[in-house]
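The values are calculated or read from the model by the stated rules, or taken from the named source; none is laboratory data. Quantities reported herein were computed from a predicted structural model and do not represent experimental measurements. Note that we place each Cβ from the backbone using ideal geometry, even for glycine, and neighbour counts take in every protein chain shown.
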């Protein structure tokens, strides 16, 4: 069942790529398949019971390359299932939003369906080679999305920068994987086996190098400072749905890698490096917020708030490695980190889709070109206001639940985490300022004649925001899923 | 006691017999019926492939005192024969009706035979014969189009080849003088206590000859010129088949060199220099053939990594064979795309490929992403095993260099892909070539089959 969920979009993508169907059929097929896949994921979530003893649910394992100890091994637990669900939701929203794209819609549908498989596959992978396969293919797919459907003047250049930068990260990751493989006895790429063996425990130098390779690879993808420079141009030049998928799903691959691979497989090294991770997290939070404050381009601003929001996740996973502090606080931090991944995916996905509406109408993202949109586009303004408040972490939305737990857990582990608190204030300030500039005041030069959102535009945005609201109001729905897995991670990293 | 088993050499006999028969048939056939010669050559290759596949399970042994029949030989035979078949496939449109069609097939078969001899021998004298047998057909193949570029490339190849051949024979002489034997078992024993400087001179001389065949730094200068100047089938052949023979031969030689000199480090430095130079030079190219030529130089760098650590672990030789198989099919697929559109010379000419020929564009994407090393393609499997073997063999620094080089290589492969997906200018030159298209499709299937069927491939190369 898990594999069919993963590969259903790829099958549809192959059919769409080969059969020259009319554009309308391609659009219907795209939405239909993402909805069907979402239904499969809902069924998975409904049937999910936390496995006893930190195991995996819906596990499947097929021989693939036995001579190098690699197999097609997939399964989900409380860390991956929320992200699988997020992926299905975001891609479904994008397929609806993409209804109105008239540049090669059939190829676009095929590309995004293929990309959906790579994202789902990555989150269910329990073998490092399978993980790497989907990691690399997601880069190739995203490159094609930016280079083929981007709208900036420099889309090709930004796409190339994105590809080279994240490809470098993926090779660093591969080096780390090979290091883990060689250290394990018998050699294996199987993740549960590597986690059980923790092969580099007691080898501080080798463990440090392998973890450094993994950290660089994952930090490029997340991205944290100083590896973030590819993100703003990639977002600026990508189409709305490209940006939404990039921010909502692809960035999570980096932080997911921390909790899935780096922490449990290299507990000693993670504890030794955790101060570095905490420091990078705090720096990303503050730097992302400050640079976002200086932006005049709405999409660049959202891109920098992504760096800020992912900084909270990095801070939390770093704090989780600080041994000598209470287990409860560290578990809270990890739970908050996973919740933040889901929350950021929902809210930032919505923000990027809304920014795409601006560009679609006027060809501009410059905030000073707009103003008074509340009058001309009340529905857009309402949705943007809700998304902005959700993003700045107002209670009743998912962001509050996530950031509250991250700070409660991280400050419980180390008081230094409080240094990141001004990030929340800065984000609030910049989002409110953007809201004021776009929605309130007198009409700007491009606000005149601005058409309000159509059904294909507001429907996916509203869907994402309703889910964020649901997580904010009924957090236990999500937290009950995550908490057992995060306590397992903290237990593993404390070994 | 020398074992004499002529039947153990059946694949080689098929190649040799095929070359003779093709040549003879070609001289009696009229110009428009030369396809019969092609058929004969393909039949010989099929026979050789069958014989090689049947011999895979045979016990490892040395026949005629100089020819090792083991897993590396078996895989090298299969890769060489399959690659030559693909070369004939992608070149059929180009060669059909040419003045020297049957001679070309005969030369391809002889070159393939030379590559197999290089890969299989464990005697320096036979290695020299293999060098000549693999090298001389190349000169003729490069010069075949009779253009100014081809003539210059043929001369360059010949001069460099002659120099490398002298180095090889000099090295052989020196090693024979020290060890009192040209066979590798005797060599290993004889070199053990020998003065390091003399061993270095001899071994470097022999390695120089092999580096010429493989197209590795510092004897790579002929590769980009020959790739640009020769016809597409010859270019595809010379960037693929000789490398198989030369690199397996280098692995066999490095394995018996004594530990008095740090051979892994020396070969590792050569590997790093080859991949870096090839990649940096490829960055600046605008002619697609020249770009591919430099790309094959950089690939030799990765291929030298397992050669460097051949004595350190059991994983090195299987990794080398895996990479060779993956590289051969990926590289030939890229050449098949070139052969399918004979008019395309520069990157800019590739524009419109995706719009007009989606199948060829798919082949190009798959083959170039494979050369980069993206999963789930053939070269990814090669890179994974090669990186693992090199790290395991103590050359972790070389793995880091190779990873950085991979990122650099992405830049120029992507330039080509971007050009191919650009909306097209009018189609340059004549229409596509059906045989080359078919070869590109077969190659694409092969690249993905090696990558996805990784379990079977790694089991095969492990013997």
Looking at region B:323-373 only, could you name the residues that are away from chain A (no Cβ under 14 Å) and at positive phi? B:352
Need the failing condition index for residue B:59 against (1) within 21 Å of the chain's Cα centre (by Cα); (2) part of a loop (DSSP other than H, G, I, E, B), just the number. (1)
Is it fair to say residue B:384 is closer than 19 Å to residue B:290 by Cα, crowded, with 21+ Cβ neighbours inside 10 Å and either within 11 Å of chain A (Cβ to nearest Cβ) or touching a helix residue (DSSP H, G or I) at 6+ places or on another chain (Cβ under 6 Å) (or both)? no
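Here's the yes/no breakdown for (1) at pLDDT 95 or above; (2) part of a helix (DSSP H, G or I):
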{"site": "B:7", "(1), (2)": "no, yes"}
{"site": "B:10", "(1), (2)": "no, yes"}
{"site": "B:45", "(1), (2)": "yes, yes"}
{"site": "B:65", "(1), (2)": "no, no"}
{"site": "B:82", "(1), (2)": "yes, yes"}
{"site": "B:86", "(1), (2)": "yes, yes"}
{"site": "B:93", "(1), (2)": "no, yes"}
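Within region B:442-460, take every residue that is over 20 Å from the mean Cα position of the chain (by Cα) and within 10 Å of residue B:378 (Cα to Cα) and give me the one that is surrounded by the most Cβ atoms within 10 Å (Cβ to Cβ).
At the first step, the residues of region B:442-460 found to be over 20 Å from the mean Cα position of the chain (by Cα) are B:452-456, B:459.
When the remaining residues are screened for being within 10 Å of residue B:378 (Cα to Cα), the result is B:452-454.
Numbers: B:452: 16, B:453: 17, B:454: 26.
Result: B:454.
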When you go through B:135, B:149 one by one, which is the residue that is part of a helix (DSSP H, G or I), under 19 Å from the mean Cα position of the chain (by Cα), modelled with pLDDT under 95 and closer than 30 Å to residue B:345 by Cα? B:135
Positions within region A:350-381 being out of contact with any helix residue (DSSP H, G or I) (no Cβ under 8 Å at 6 or more places or on another chain) and part of a helix (DSSP H, G or I), in sequence order: A:361, A:375, A:376, A:378
Test residue A:180 against the criterion of being over 21 Å from residue A:233 (Cβ atoms) and either in contact with a strand residue (DSSP E or B) (Cβ under 7 Å, 6 or more places away or on another chain) or surrounded by 21 or more Cβ atoms within 10 Å (Cβ to Cβ) (or both), and give yes or no. yes
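Report those helices (runs of 4 or more DSSP H) wholly inside region A:74-171 carrying at least 1 residues which are within 14 Å of chain B (Cβ to nearest Cβ) and closer than 28 Å to residue A:3 by Cα. Steps first, answer last, please.
On the way: elements: A:81-97, A:105-124, A:128-149.
Qualifying helices (runs of 4 or more DSSP H): A:105-124, A:128-149.
Given the condition more than 16 Å from the chain's Cα centre (by Cα), within 14 Å of another protein chain (Cβ to nearest Cβ) and part of a helix (DSSP H, G or I), answer yes or no: does some residue in region A:216-225 qualify?
Here is the first cut: in region A:216-225, the ones more than 16 Å from the chain's Cα centre (by Cα) are A:216, A:225.
Pick out the ones that are also within 14 Å of another protein chain (Cβ to nearest Cβ) and you get A:216.
If we keep only those that are part of a helix (DSSP H, G or I) too, we end up with A:216.
Scanning region A:216-225, I find at least one residue that is more than 16 Å from the chain's Cα centre (by Cα), within 14 Å of another protein chain (Cβ to nearest Cβ) and part of a helix (DSSP H, G or I), so the answer is yes.
So in region B:153-194, with the set limited to residues that are assigned to a loop (DSSP other than H, G, I, E, B) and crowded, with 16+ Cβ neighbours inside 10 Å, which one is farthest from the chain's Cα centre (by Cα)?
Of region B:153-194, the ones assigned to a loop (DSSP other than H, G, I, E, B) are B:180-182, B:192-194.
Now drop any that are not crowded, with 16+ Cβ neighbours inside 10 Å, which leaves B:181-182, B:194.
Values: B:181: 29, B:182: 25, B:194: 33 Å.
Among them, the one singled out is B:194.
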Residue check, residue A:180 more than 14 Å from chain B (Cβ to nearest Cβ), part of a helix (DSSP H, G or I), touching a residue at least 24 places away in the same chain (Cβ under 8 Å) and more than 23 Å from the chain's Cα centre (by Cα): no
Name every residue in region B:21-39 that is free of Cβ contacts under 8 Å to residues at least 24 places away in the same chain and either over 20 Å from residue B:80 (Cβ atoms) or within 24 Å of the chain's Cα centre (by Cα) (or both), in order of residue number. B:24, B:28, B:30, B:33, B:36, B:39
Please specify each residue of region A:189-213 satisfying the condition of being within 12 Å of another protein chain (Cβ to nearest Cβ) and surrounded by 20 or more Cβ atoms within 10 Å (Cβ to Cβ). A:189, A:210, A:213
Single condition residue B:376 does not satisfy, out of (1) over 19 Å from residue B:441 (Cβ atoms); (2) touching a helix residue (DSSP H, G or I) at 6+ places or on another chain (Cβ under 6 Å); (3) in a loop (DSSP other than H, G, I, E, B); (4) within 14 Å of chain A (Cβ to nearest Cβ): (1)
Considering each residue of region A:53-73, count those that are assigned to a strand (DSSP E or B), within 13 Å of another protein chain (Cβ to nearest Cβ) and over 24 Å from the mean Cα position of the chain (by Cα), and give that number. 6
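Pick out the one residue from A:222, A:236 that is modelled with pLDDT under 95 and touching a strand residue (DSSP E or B) at 6+ places or on another chain (Cβ under 9 Å).
Numbers: A:222 fails: touching a strand residue (DSSP E or B) at 6+ places or on another chain (Cβ under 9 Å).
None of the others qualify; the one that does is A:236.
One line per residue, one yes/no per condition, for (1) more than 21 Å from the chain's Cα centre (by Cα); (2) farther than 17 Å from residue A:332 by Cβ:
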position	(1), (2)
A:395	yes, yes
A:400	no, no
A:404	no, no
A:411	yes, no
A:419	yes, yes
A:434	yes, yes
A:442	yes, yes
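Identify, from the list A:88, A:12, A:46, A:36, the residue that is touching a residue at least 24 places away in the same chain (Cβ under 8 Å), surrounded by fewer than 19 Cβ atoms within 10 Å (Cβ to Cβ), within 24 Å of the chain's Cα centre (by Cα) and closer than 22 Å to residue A:125 by Cα. Let's see the steps before the verdict.
Details: A:88 fails: surrounded by fewer than 19 Cβ atoms within 10 Å (Cβ to Cβ); A:12 fails: surrounded by fewer than 19 Cβ atoms within 10 Å (Cβ to Cβ); A:46 fails: touching a residue at least 24 places away in the same chain (Cβ under 8 Å).
Going through A:88, A:12, A:46, A:36 in turn, just one is touching a residue at least 24 places away in the same chain (Cβ under 8 Å), surrounded by fewer than 19 Cβ atoms within 10 Å (Cβ to Cβ), within 24 Å of the chain's Cα centre (by Cα) and closer than 22 Å to residue A:125 by Cα: A:36.
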